[in-house]
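Every number in this text was worked out from the coordinates using simple rules, so none of it is lab data. Given the structure is predicted, the values throughout are model-derived calculations rather than measurements. Using ideal geometry, Cβ is built from the backbone for each residue, glycine included, and neighbour counts are taken over all protein chains shown.
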Amino acid sequence: MQDRVIIVGGGISGTATAYELARNGVNVTLLERGELASMASGWTLAGVRQSGRHPSELPLAAAAVARWPNLAAELEADTEYRQQGNLRLALSESDVPIIRGVVDASATAGIPIEYLDSIDDVHAIAPALTDQIFGASYCPSDGHANPSKTVLAFAAAATRHGAVIRTGVDVTAIATASGKVTGVETTEGPLAADVVIVAAGIYTPRLLGTLGLNLPLDIRHVPAVQSVPLPPMLAPVIGVASGMFAGRQQVDGRLRLTLNGTAWNGGEWHDQYSVQPTLEQVRDTIEFAVGILPAVRDLRVAQVWGGLLDLTPDALPVIERSPDVDGLIIAAGFSGHGFCLGPITGQILADLAVVGSTELPIEPFQLTRFANQTAPSESLTLHG
Ligand SMILES: Cc1cc2nc3c(=O)[nH]c(=O)nc-3n(C[C@H](O)[C@H](O)[C@H](O)COP(=O)(O)OP(=O)(O)OC[C@H]3O[C@@H](n4cnc5c(N)ncnc54)[C@H](O)[C@@H]3O)c2cc1C
């Protein structure tokens, strides 16, 4: 009999996987406790970048960046993907070596990236930026997309190919017998499966814990500020050497601005109020943005929200078919840069479910590297 696959989580990782499995004729059901894209895949800045990636992630990011330009046609829905580059700014002399390091590391890995040391070169790409910039990296093949539209596009394509997608269903435990996955327990009752894929973002450790598996996550709370629609003023995604800030202008003209995260102290579960940013976080985000984009001073704010980031001890994800529990597949801990990878994460997880292996190099992403680790050791350096 054909394997039945259950995916836990309706973000970009889960919906992309549902699409890949369904189009290959696999019997797949995706369960989402809230709405699709209601967590990181909705909160995200949605930068799509290879530049500044850890070498272990680069093959995945490169494969993703190769796929993004054709994704809308493939999914038959607009993702608002724009390949308009990524500018990472040195805002002081001491930032310059950091940016040069990003350029050297990315160039060595074969990514088209250049170092801009004149403000004229920076302004040629982003004229609205302050002239208090000491240098920048520029990777023209990076870009950005609309996160909710992308997730809904994957989900709709998955459904067209026969996937079942259920929202409002909370998976409370993964069921096993004799070391093998047998299904899931949910708020709507038990469901049987031969393979369970956990792509549940920050709540992944909770589910793995029911199996005695340890995924240490440091949850960071990140503010986001969105302006009303504006005339075009910023084509690339912008970030800064310290990783403190990232921003972009959406296709609809709204600026989407995010600041570095602070420790999440909102309890075991988030809700619509606890996840909101504080006034201080909103103020700091706007102040930082004004320093880089002086025109932001006169902008009108349309929305603010908070997002929760799943930071692992080495700021790299876990992507594996579990060696401990037969039929269990894990994809979590993307540490603030898993949106770009989504289309490739889907491909990898589908391969792990169907053939048990993948051609992409995922050895660095095994859960066992965190055995016995409780305290996070890596600070979040880059998002966007
Ligand atoms: C503010 C911010 C900015 C970011 N910027 C970028 C960026 O510029 N570029 C980039 O590449 N990445 C970025 N990221 C990271 C990126 O958004 C995430 O890595 C990515 O969206 C993770 O997708 P996911 O599908 O794995 O997880 P999620 O999108 O978090 O989806 C997990 C889903 O699982 C569901 N779920 C959880 N538990 C259960 C359960 N028990 N039962 C059923 N459903 C469950 C949740 O409701 C959720 O919808 C950013 C993140 C944030 C928060």
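Take the Kirkwood radius over Cα pairs of the range 80-195, plug it into Stokes-Einstein at 37 °C and 0.692 mPa s, and you get 177 µm²/s for translational diffusion. Determine the sum of side-chain charges near N146: Lys and Arg each +1, Asp and Glu each -1, restricted to other residues whose C-beta is under 12 angstrom from that of N146. Once all neighbours under 12 Å are counted, the net charge is +2.
Descending by average beta-carbon neighbour count within 10 Å, the peptides 364-371, 5-12 line up as 5-12, 364-371, the highest first. On C-alpha positions alone, give me the angle between the axis of helix 12-23 and the longest principal axis of the chain, in degrees, nearest 10. With both axes taken from Cα atoms, the answer is about 50 degrees.
Modelled spin-label separation between A77 and D170, with each label point placed 7 Å from Cα along the Cα-to-Cβ direction: 2.6 nm. For the range 36-70, the residues whose backbone nitrogen is under 20 Å from a point 7 Å from the Cα of D104, taken along Cα to Cβ, are 51-58.
What you get for the chain, charging only the Cβ of Lys and Arg (+1) and of Asp and Glu (-1), is a dipole of about 500 debye around the Cα centre.
How would the range 1-59 be classified by its alpha-carbon gyration tensor: rounded, prolate or oblate, with rounded meaning a/c under 1.5 and the a/b versus b/c comparison settling the rest? Show your work: numbers first, answer last.
On the way: a/c = 3.11, a/b = 1.51, b/c = 2.06.
Oblate, since a/c reaches 1.5 and b/c is not below a/b.
Taking K and R as +1 and D and E as -1, what net charge do the other residues with C-beta under 13 Å from the C-beta of T182 add up to?
-2
Within the set of other residues whose C-beta is less than 14 Å from the C-beta of R206, count the net charge using Lys and Arg as +1 and Asp and Glu as -1. All intermediate terms of the calculation are to be shown ahead of the outcome.
On the way: positive: R33; negative: D170, E185, E268, D310.
Result for the local shell: -3.
Modelled label positions at T182 and N24, each set 7 Å beyond Cα in the direction of Cβ, lie 2.7 nm from each other. Under the convention that each Lys and Arg Cβ holds +1 and each Asp and Glu Cβ holds -1, the size of the dipole of the range 56-139 around its Cα centre is about 180 debye. Distance distribution note for the range 84-131: the fraction of Cα pairs above 14 angstrom is 52%. With one equal scatterer per alpha carbon and no solvent term, the Debye-computed log10 I(q)/I(0) for the chain at 0.07, 0.11 1/Å reads -0.29, -0.74.
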